[in-house]
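Following: one structure in structure tokens, then a few remarks.
The values are calculated or read from the model by the stated rules, or taken from the named source; none is laboratory data. What you are looking at is a predicted structure, and each value in this text was computed from that prediction instead of being measured. In this analysis, Cβ positions are derived from the backbone assuming ideal geometry, glycine residues included, and neighbour counts consider all displayed protein chains.
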Amino acid sequence: MKGAYTLHYGKNPDLWPVMAWLHDEETTIFSVPSENAVGTNSINNAITLLKFRNDELHYEELKRDFVGGVGIGDKFYPRMFKGPWIGYTQTRGFLLFNCEERYGVRYMPPMTGDEYYTDVQTFDEEKFRFVFQRKEAYWPEGIRHLDLVEFNPDGTFRMLATMKAGKHEIRYLEPWAIQNKVLFLYNEENSTIQAFDSLFHTVSHPFCDLFNIQKDFQRLDQIEFHPNAPFAVLVEIEKHKRDKYRIFLAAWENPDPEKRFVELLRQDISMFSGWHDLDGLSCSHFEFSPDGRWLVFRDDSEALVQDVASPTFVAMPVDPKREMPLGKPEILGKVLREYARPNSTAWITTPLSFVVCDGQILYKWELDKLPREF
């Protein structure tokens, strides 16, 4: 049977969100180390907590005007859940902010004028080590570099490792991901994945061994590792266009070799359904919750139909102790404001919640209120 689980269309959400209106339009959010709250840097040149009180928000400004542009630039946020710090890029710089002591430090590792950050991921949160994806502008395409940098709260940093990582194209970027202080990088030309240590030396890894023996794999679009357990979700797309999505689970320590690399999702679309003209799966933005107990993703398959603009968010329970660690998909739903689309998302650890912002409304799904069916 193709796909371990089936996505159904046309049914009501399995969990309705708490919805709260924002005072300011075009607000974006990010995760913060604060109970029942998310953060924003879109208001008053400040970092502000948005605290949920039922369906209302309480605004707590942490710090204003501590740098010239608190929320300007191209912002990418690494996952940070173990302490009081948050961090994000600002085109050519990186900002660390302590939410408890309410001070920030801006770093600008040396760059030329035609270089800027296009992504960042946490390598070692306790040691303030992050991997940056850096684009070196070059016509007609760019050159991509990956830099492993260690920061200190006193305002200093050091470059630990750097490597050239292929082209930085507009149409497609070879994905990379980090788990347990190992960086994994996909090479489209030979359809393989390599693993690198903290000095960017290549190392052997069973996940690479498992993926690299797969035959007829077309193009890898996303790798999403569980925070610590030995499995990952992979998204495959067609070789020459973003289409025909297939979702796989790679569990390299599964005792059954036949279950170490399996297709995860399929569709069930009735010919009588309003979505009977869907011609394929389109799923993206897979991410595990901070505690690793849930997997959330976007299903854009309905967006292939002209009059549907917003993706459907779906959650799957996770239990690393099971042979099939991912459970039955549960529908969270869409953003509900007409013509709106998600512009940012965040996690809350207490209570464990997934939060979506459409610029004007926050939608908070408290995931532990969902059934955990396997």
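Listed here are the residues, each with its yes/no results for (1) in a loop (DSSP other than H, G, I, E, B); (2) of a type outside the set (Lys, Arg).
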position	(1), (2)
Lys2	yes, no
Thr6	no, yes
Glu25	yes, yes
Leu62	no, yes
Val70	yes, yes
Checklist line | Candidates Glu101, Glu35 - the one that is loosely packed, with under 13 Cβ neighbours inside 10 Å and closer than 23 Å to Leu352 by Cα | finding: Glu35
Notebook entry, point to check: Considering only residues of the stretch 311-326 that are touching a Leu at 6+ places or on another chain (Cβ under 9 Å) and more than 16 Å from Phe225 (Cα to Cα), which is modelled with the lowest pLDDT?
Noted result: Thr312
Note to self: So, Glu236, is that one in contact (Cβ under 8 Å) with a residue 40 or more places away in the chain and outside any loop (DSSP other than H, G, I, E, B) or not?
What the structure shows: no
Item checked: Breaking point among (1) under 24 Å from the mean Cα position of the chain (by Cα); (2) outside any strand (DSSP E or B); (3) more than 17 Å from Phe130 (Cα to Cα), for Ala20 -> (2)
Notebook entry, point to check: Taking the stated definitions as given, is Arg134 surrounded by 13 or more Cβ atoms within 10 Å (Cβ to Cβ) and on the phi > 0 side of the Ramachandran plot?
Noted result: no
Checklist line | Hits in the stretch 27-60 (condition: charged (D, E, K, R) and assigned to a loop (DSSP other than H, G, I, E, B)) | finding: Glu35, Asp55
